[in-house]
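Here's the structure we're looking at; comments come further down.
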Amino acid sequence: MRYDIVIIGGAIVGSSVAYYLREEGFTGSIALIERDPQFPHAATTLSLASIRQQFSIPENIRLSQFTLKLFRRLEEIFGADADIGFREGGYLILAGEAGLPILKSNHQTQVAEGADILLEDAGQLARRFPWLSVEGITAGAFGRSGEGWFDAHALLTLFRKALRDKKIDFITASVTGIARDGNRVTSVSLDNGETLEAGIVVNAAGPNAGKVAGFAGLALPVEPRKRNVFVFEAREKYADMPLLVDPSGIYVRPEGSVYLTGGAEPEEGDVAPDPKDFDVNWPLFEEVIWPTLATRIPAFEAIKPTRAWVGHYDYNTLDQNAVIGPHPEVENFLFANGFSGHGLQQAPAVGKSLAELIVHGGYRTVDCRAFGYERVAEGRAFRELNVI
């Protein structure tokens, strides 16, 4: 079989690319390959499902702002029953004295991009959030609007359902190889024995993106990383709690009647896990997270952990930033990879951007040239400082 475009990875990034290709007027044939369309282990469905504008790089802010605008128009775009449970609770990113210069610099960038972020000192934060201990805190950046969390399954379902009447071929399989003829990829081999000839290949393979690029003989510094998310109950219910990020990197946010927390994985020894390793690291909660939560929010000295899950996300080892667009030499191989924890919130914008590039020959809505592969080839980091 031959397709004009073959998209490898059918979760939120790949589905967004397919959706916006049709929205931008692409009429050619499209295959969307996904090895497990139930998505039990996808980075999309196992993520913390949040959206923020608190980044250090303007382009990352713009990508998330596109998705925020989409969230505000869901019913108009996807129908009257479109609901992803978006709660605009905000982010609160805390910093001590050492982290203050970066926090201030990031805040200036965010405000310049129109983000509604307040920078407050410890005293102001203590008055705004009486449940918060500001011990060791110099300042915090609080998103009053345009930040929060949502239902990842619901967002993915909206896109997947919208594709059903857009003449997309859904193929359930794993990719086993990609053939090249000089500076062009020509076909994609699948584990079901089929080979798909391809005019363009889009790599939207999430944590497996580095492996998929390798099939085409291309180097991509993207690996999976294992992340634990813990659920706990507490007697106190703080309706005004944003997604709080401690200077240690540990985060916590409310989710209905419970709380979600994580972010304690140490940088040392943080390597690619076994693809089948989804075992929860409970000592991480007991020995690292809980003591930090109890210090930052004294009422959380008495909490009850209930369950947990593990997800793998795509981590760009070069600079923790996305790689978007074509390979400079193999121009019909396109990247949508390496988001390092913020892929879900940026996927619609990336889908729109790549669709514009394919259909119109250039970016129109968000200029993604800064995320191009050229920096990977040069070993030149384009580093996002606000990675959570």
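The values are calculated or read from the model by the stated rules, or taken from the named source; none is laboratory data. Every value quoted in this text rests on a predicted model; they were computed, and no experiment measured them. As a convention, Cβ positions derive from the backbone with ideal geometry for all residues, glycine included, and neighbour counts pool all protein chains shown. For the accessible areas, the whole protein counts, side chains as well, though only heavy atoms, and no ligand, DNA or RNA atoms are used. Shrake-Rupley method; radii C 1.70, N 1.55, O 1.52, S 1.80 Å.
Going through Gly85, Gly90, Gly10 one at a time, which residue ends up being more than 27 Å from Ala216 (Cβ to Cβ) and open to solvent by less than 10 Å² (accessible area, probe 1.4 Å)? Can you show your working first?
On the way: Gly85 fails: open to solvent by less than 10 Å² (accessible area, probe 1.4 Å); Gly10 fails: more than 27 Å from Ala216 (Cβ to Cβ).
Just one listed residue meets the conditions, Gly90.
For the stretch 359-388, name all the residues that are within 18 Å of Ser16 (Cβ to Cβ) and either of a type outside the set (A, V, I, L, M) or open to solvent by 40 Å² or more (accessible area, probe 1.4 Å) (or both). Break it down into steps so the answer makes sense when it comes.
If we filter the stretch 359-388 for residues that are within 18 Å of Ser16 (Cβ to Cβ), which is where we start, we get 359-360, 363-368, 371.
Result: Val359, His360, Tyr363, Arg364, Thr365, Asp367, Cys368, Phe371.
Test each condition in (1) closer than 23 Å to Gly85 by Cβ; (2) of a type outside the set (Ser, Thr, Tyr); (3) in contact with a Gly (Cβ under 8 Å, 6 or more places away or on another chain) for Ile289 and report the one that comes out false.
Of everything listed in (1) closer than 23 Å to Gly85 by Cβ; (2) of a type outside the set (Ser, Thr, Tyr); (3) in contact with a Gly (Cβ under 8 Å, 6 or more places away or on another chain), Ile289 misses just condition (1).
Of the residues in the stretch 110-133, how many are more than 26 Å from Pro58 (Cα to Cα) and touching a residue at least 40 places away in the same chain (Cβ under 8 Å)?
Number of matching residues: 4.
Could you grab the pairs with beta carbons closer than 6 Å, sequence gap of 6+ or different chains, first residue in the stretch 92-109 and over 10 Å from Thr138 (Cβ atoms), second one modelled with pLDDT of 95 or more and in a loop (DSSP other than H, G, I, E, B)?
The qualifying pairs are Leu92/Pro242; Ile93/Gln54; Asn106/Ser56.
Just need a number here: residues in the stretch 252-274 that are outside any loop (DSSP other than H, G, I, E, B) and open to solvent by less than 20 Å² (accessible area, probe 1.4 Å). Outline the logic, then answer.
So the first thing to find is which residues in the stretch 252-274 are outside any loop (DSSP other than H, G, I, E, B), and the list is 252-255, 258-262.
Still in the running and open to solvent by less than 20 Å² (accessible area, probe 1.4 Å): 252-254, 259-262.
Residues meeting the conditions: 7.
In this structure, does Phe150 turn out to be surrounded by 17 or more Cβ atoms within 10 Å (Cβ to Cβ), within 27 Å of Ala234 (Cα to Cα) and among the aromatic types (Phe, Trp, Tyr)?
Yes; evaluated as a whole, the condition is true for this residue.
Which residue is farthest from Leu46 (Cα to Cα), if the candidates are limited to the stretch 167-193 and must be charged (D, E, K, R) and touching a strand residue (DSSP E or B) at 6+ places or on another chain (Cβ under 8 Å)?
We begin by selecting, within the stretch 167-193, every residue charged (D, E, K, R); these are 167, 169, 180-181, 184, 191.
Next cut, touching a strand residue (DSSP E or B) at 6+ places or on another chain (Cβ under 8 Å) only: 167, 169, 180, 191.
Details: Lys167: 28, Asp169: 25, Arg180: 34, Asp191: 25 Å.
Step by step, filter the stretch 167-193, then rank; the result is Arg180.
Would you point out the residue of the stretch 22-63, among those that are of a type in the set (Val, Ile, Thr) and farther than 23 Å from Gly85 by Cα, that is nearest to the chain's Cα centre (by Cα)?
Checked the stretch 22-63; the qualifying residue nearest to the chain's Cα centre (by Cα) is Ile57.
Can you name every residue in the stretch 222-251 that is over 22 Å from Gly9 (Cβ atoms), in contact (Cβ under 8 Å) with a residue 60 or more places away in the chain and either open to solvent by 40 Å² or more (accessible area, probe 1.4 Å) or not in a strand (DSSP E or B) (or both)?
Glu233, Arg235, Glu236, Tyr238, Asp240, Met241, Pro242, Asp246, Pro247, Gly249 - these are the residues of the stretch 222-251 that are over 22 Å from Gly9 (Cβ atoms), in contact (Cβ under 8 Å) with a residue 60 or more places away in the chain and either open to solvent by 40 Å² or more (accessible area, probe 1.4 Å) or not in a strand (DSSP E or B) (or both).
Under 7 Å by Cβ, and 6 or more places apart or on different chains, what pairs join a residue from the stretch 1-30 that is farther than 22 Å from Phe339 by Cβ with one that is basic (Lys, Arg) and surrounded by fewer than 24 Cβ atoms within 10 Å (Cβ to Cβ)?
Correct list of pairs: Arg22/Lys166.
Report, by residue number, each residue of the stretch 190-210 that is surrounded by fewer than 17 Cβ atoms within 10 Å (Cβ to Cβ), within 28 Å of the chain's Cα centre (by Cα) and more than 12 Å from Asn332 (Cα to Cα).
Result: Asp191, single match.
One line per residue, one yes/no per condition, for (1) crowded, with 20+ Cβ neighbours inside 10 Å; (2) closer than 19 Å to Val13 by Cα; (3) touching a His at 6+ places or on another chain (Cβ under 7 Å):
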residue: Thr44; (1), (2), (3): yes, yes, no
residue: Pro58; (1), (2), (3): no, no, no
residue: Leu63; (1), (2), (3): yes, yes, no
residue: Lys69; (1), (2), (3): no, yes, no
residue: Glu75; (1), (2), (3): no, no, no
residue: Glu97; (1), (2), (3): no, no, no
residue: Pro101; (1), (2), (3): no, no, no
residue: Gln108; (1), (2), (3): no, no, no
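Looking only at strands (runs of 3 or more DSSP E) that lie completely in the stretch 1-97, which have at least 1 residues being modelled with pLDDT of 95 or more and among the small types (Gly, Ala, Ser)? So that I can check it myself, show each step before the final result.
On the way: elements: 2-8, 30-34, 91-95.
Filter on the stretch 1-97 gives 30-34, 91-95.
Might you check whether a residue that is among the acidic types (Asp, Glu) and either in contact (Cβ under 8 Å) with a residue 12 or more places away in the chain or in contact with a strand residue (DSSP E or B) (Cβ under 9 Å, 6 or more places away or on another chain) (or both) occurs anywhere in the stretch 76-88? Explain how you work it out, then say what you get.
From the stretch 76-88, those among the acidic types (Asp, Glu) are 76, 81, 83, 88; that's our starting set.
Then drop every residue that is not either in contact (Cβ under 8 Å) with a residue 12 or more places away in the chain or in contact with a strand residue (DSSP E or B) (Cβ under 9 Å, 6 or more places away or on another chain) (or both), which leaves 83, 88.
Within the stretch 76-88, one or more residues are among the acidic types (Asp, Glu) and either in contact (Cβ under 8 Å) with a residue 12 or more places away in the chain or in contact with a strand residue (DSSP E or B) (Cβ under 9 Å, 6 or more places away or on another chain) (or both).
Could you count how many residues in the stretch 311-356 are open to solvent by 20 Å² or more (accessible area, probe 1.4 Å) and either in contact with a helix residue (DSSP H, G or I) (Cβ under 9 Å, 6 or more places away or on another chain) or within 29 Å of Leu48 (Cβ to Cβ) (or both)? Quick ask: steps written out before the conclusion?
First, the residues of the stretch 311-356 that are open to solvent by 20 Å² or more (accessible area, probe 1.4 Å): 313, 315, 317-318, 320, 326, 328-329, 331, 341, 352.
In the following step, the residues that additionally are either in contact with a helix residue (DSSP H, G or I) (Cβ under 9 Å, 6 or more places away or on another chain) or within 29 Å of Leu48 (Cβ to Cβ) (or both) were identified as 313, 315, 317-318, 320, 326, 328-329, 341, 352.
Of the residues in that region, 10 qualify.
Which of the residues spanning the stretch 223-246 are farther than 18 Å from Gly311 by Cα and over 21 Å from the mean Cα position of the chain (by Cα)? Step through it out loud before you land on a result.
Just the residues of the stretch 223-246 that are farther than 18 Å from Gly311 by Cα, to begin with: 233-246.
Hits for the stretch 223-246 are Glu233, Ala234, Arg235, Glu236, Lys237, Tyr238, Ala239, Asp240, Met241.
Picking from Val229, Val252, Val245, which residue would you name as being of a type in the set (Val, Ile, Thr), at pLDDT 95 or above and closer than 30 Å to Gly372 by Cα? If you could, list the steps in order and put the result at the bottom.
Numbers: Val229 fails: closer than 30 Å to Gly372 by Cα; Val252 fails: closer than 30 Å to Gly372 by Cα.
Residue meeting the stated conditions: Val245.
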